[in-house]
Amino acid sequence: RTMVRNTNFKDNLTLMCHDAKISDNFSLETSCGVSLFTAGSYDDAQKHFETSIKLAPHSWNNWWGLGTVLGRKAMSQKDERLFKEAEIALKKAIKNEPNASLAYQNLGHLFAYYKDYYKDVNAREFLTNALDRFPNNFKLWLYLAVTEYRSGNKVAAQKAIKHAYVLNPNDKEIIRVYDALMKGNKRE
């Protein structure tokens, strides 16, 4: 049996998706979806996340995966309907597991960077509430900084990006936003 299983393993993508084909297991479907997403196969990943959700609608990570892939597709296609579907999936992930920081991060990213699609959403309120739950999450601080800046609150944006920078001074996105918001101010 071990020799047969070794032939199934070429990489995580091959193994997870092979096993998902022969078993009705939400965890395998989610793992296959994550592997396909990582490989850039968004449509196939979406199918596996949707199958996982049918098998285990109470789980959070399959909803998170679906929201993530829908968000990525929405960004590349500039499709408002996909943005809304991504938002619904990520909110379901949060409802199923209120301590799933990745779901908050992905939803915060959508709200911060794609505000044009979210005119009626109070991204600042969402991110502030998320930071109450996860005060050391540097990505949430980054997204708050972007949101504040887009709202014209430069001082609040600088304060938020400083928090993000202190928490992770090596993150390339944080460094880029920090440098842009601080405009010549030396990194503290």
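The values are calculated or read from the model by the stated rules, or taken from the named source; none is laboratory data. Fair warning: this is a prediction, and the values are worked out from it, not measured in the lab. Neighbour counts run over all protein chains shown; Cβ positions are idealised from the backbone, glycine included. For accessibility, only protein heavy atoms count, side chains too; no ligands or nucleic acids. Shrake-Rupley method; radii C 1.70, N 1.55, O 1.52, S 1.80 Å.
Of all residues in region 69-85, those that are farther than 14 Å from Y113 by Cβ and part of a helix (DSSP H, G or I) total 9. Take C32 and decide whether it is open to solvent by less than 40 Å² (accessible area, probe 1.4 Å), touching a helix residue (DSSP H, G or I) at 6+ places or on another chain (Cβ under 8 Å), modelled with pLDDT under 80 and more than 21 Å from Q77 (Cβ to Cβ). So C32 does not fit the description; no.
Here L70 clears all of (1) closer than 12 Å to N106 by Cα; (2) without any contact (Cβ under 8 Å) to a residue 12 or more places away in the chain except the condition numbered (2). Here N99 meets the list (1) touching a residue at least 12 places away in the same chain (Cβ under 8 Å); (2) part of a helix (DSSP H, G or I) almost entirely, failing just condition (2).
Taking the numbered list (1) in contact (Cβ under 8 Å) with a residue 24 or more places away in the chain; (2) farther than 29 Å from A156 by Cα; (3) not in a loop (DSSP other than H, G, I, E, B) in turn, S59 passes all entries but (3). Of the residues N170, N153, N137, the single one that is open to solvent by 90 Å² or more (accessible area, probe 1.4 Å) and free of Cβ contacts under 8 Å to residues at least 60 places away in the same chain is N170.
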